[in-house]
1. Scan region 325-332 and tell me whether some residue there is of a type in the set (D, E) and either within 30 Å of L185 (Cα to Cα) or crowded, with 19+ Cβ neighbours inside 10 Å (or both).
2. Regarding region 170-189, can at least one residue be identified that is not aromatic (F, W, Y) and not in a helix (DSSP H, G or I)?
3. When the residues of region 226-274 are filtered to those that are among the aromatic types (F, W, Y), under 30 Å from T322 (Cβ atoms) and outside any loop (DSSP other than H, G, I, E, B), which remaining residue is nearest to the chain's Cα centre (by Cα)?
4. Just to be sure before I move on: is T220 more than 25 Å from the chain's Cα centre (by Cα) and either assigned to a loop (DSSP other than H, G, I, E, B) or at positive phi (or both) in the structure I sent?
5. Do we have V376 as under 27 Å from F267 (Cα atoms), of a type in the set (V, I, T), crowded, with 21+ Cβ neighbours inside 10 Å and not assigned by TED's automatic domain parsing to the domain that holds L175 here?
6. What number of residues within region 394-421 are aliphatic (A, V, I, L, M) and under 44 Å from the mean Cα position of the chain (by Cα)?
7. For region 91-130, name all the residues that are of a type in the set (G, A, S) and in a helix (DSSP H, G or I).
8. Among the residues of region 190-213, which ones are more than 19 Å from G237 (Cα to Cα), not acidic (D, E) and not in a loop (DSSP other than H, G, I, E, B)?
Amino acid sequence: MPTFPTSSTVFDSILFRDAFGTPRMREVFSDHALISRYVEVEIALARAEAKCGVIPTEAAEAIGGCDVASLDFDRLRRETDNVGYPILPLVHQLVEQCGEAGRYLHWGATTQDIMDTAVVLQIREGLKIIEEDLANLRGILADLARTHRDTPMAGRTHLQQALPVTFGYKAAIWLTMLDRHAERLSQLKPRVLVGQFAGAAGTLASLGDKGLAVQDAFCTELGLSAPATTWHVARDGFAETINFLALVTGSLGKIALDVMIMASTEFAEVYEPFVTGRGASSTMPQKRNPISSELMLAAAKGVRQHAGLMLDAMIQDFERATGPWHAEWMAIPESFVLTAGALHQACFALGGLIVDKARMAKNLEISNGLIVAEAVMMRLAPFIGRQQAHDIVYAACRIVNEQGGALSDVLANDPEIAKHLDRAAIGHITDPANYLGLAPAMVDRVLDRRT
């Protein structure tokens, strides 16, 4: 009989897993990797306790030989389903592997110590991937900003043409969001990459006066910081991490929305890279849908929900929670996978983005000069005052809207305007390329700060 796919989520689906994630991040949060982290933490604890004279050195050496590959995973699954947590079933098997030394395994620890620290190790690896992907995407956006520093296009507010900007300016705004995320990432690491070893109620009572020494040695073994206090029910670090990922994907969602609208037929200013068949419709051969942007936007919505879940999970009772902790088991892996997937899609879409400068220029012309009405008003204001200038230009804009024609022609035919501006001056003022403000200079400032 053939074997059929059985996954029920997009994260492991043979159809969707590479749309919503990446193999590298999935591996970090895979079952095998998580169980391996549990074993790594147990071994680190044994070594730390041996160094502090809590357990025999020989026992720690034997525990250090525990082998993940020798575990019976089906048995582990069954017992975890019964117990509700995986650590006791895991300890049962590791004790069997260690023989006599097994009596010292998990000495003074509680289940949450092992699980929390294992997740911290996963987060450390996951953040490393996010940091690398962010750096790659920031480089792509810097290139776009530099290349299109002076490429004029319509700036839009409330989905209406507002004033001219440059595409480089738009890309620089995208870039600065991600630059801030890179800064946030460096700042959150010291708060999050902290080990957890505190025992049943978090007091390390079972280790007597050696508890803090073991805790320090344990964290050193794993390359983590030691906590000031137990954080069994103080979950702000994990909540901050997932809310950070929500910020990252939120920015990617904003970029995706811009790209999708700009790629619409009516705008036609940018396109995702062309790959035969990508974004194709099953019924409309002409379609070229912005698939990467759509996936980025979906990921942003998913991580946003998990960010809220993590904030809710912070509300925990007394010294050990009754349920909120379990919500993290869903939110943390999925958020990392979705963020990695969104960054991957962003690097693909923006790394090969097709920018139609001619169409951008053409779109600047569709308002018949109205997009630079402010420029005319500000040029007239020194002569007749700002409010009177506003009223005169407003009236000219109404004529263009109601009767057609170009704003420059209507302005040139206005006797009041002709007193102060000749036809050549009006032509210069109503050229959108001459009213970019400091958009190019802002691009330069963003790029200069990266060097």
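1. yes
2. Among the residues of region 170-189, not one is not aromatic (F, W, Y) and not in a helix (DSSP H, G or I), which makes the answer no.
3. So, considering only residues that are among the aromatic types (F, W, Y), under 30 Å from T322 (Cβ atoms) and outside any loop (DSSP other than H, G, I, E, B), the one nearest to the chain's Cα centre (by Cα) is F244.
4. no
5. yes
6. Adding up the residues that qualify gives 1.
7. G99, A101, G102, A118, G126
8. Within region 190-213, A205, S206, L207, G208, K210, G211, L212, A213 meet the criteria.
The values are calculated or read from the model by the stated rules, or taken from the named source; none is laboratory data. This is a predicted model, so every value here is computed, not measured. FYI the Cβ positions are ideal-geometry reconstructions off the backbone, even for glycines, and counts take in every protein chain you see.
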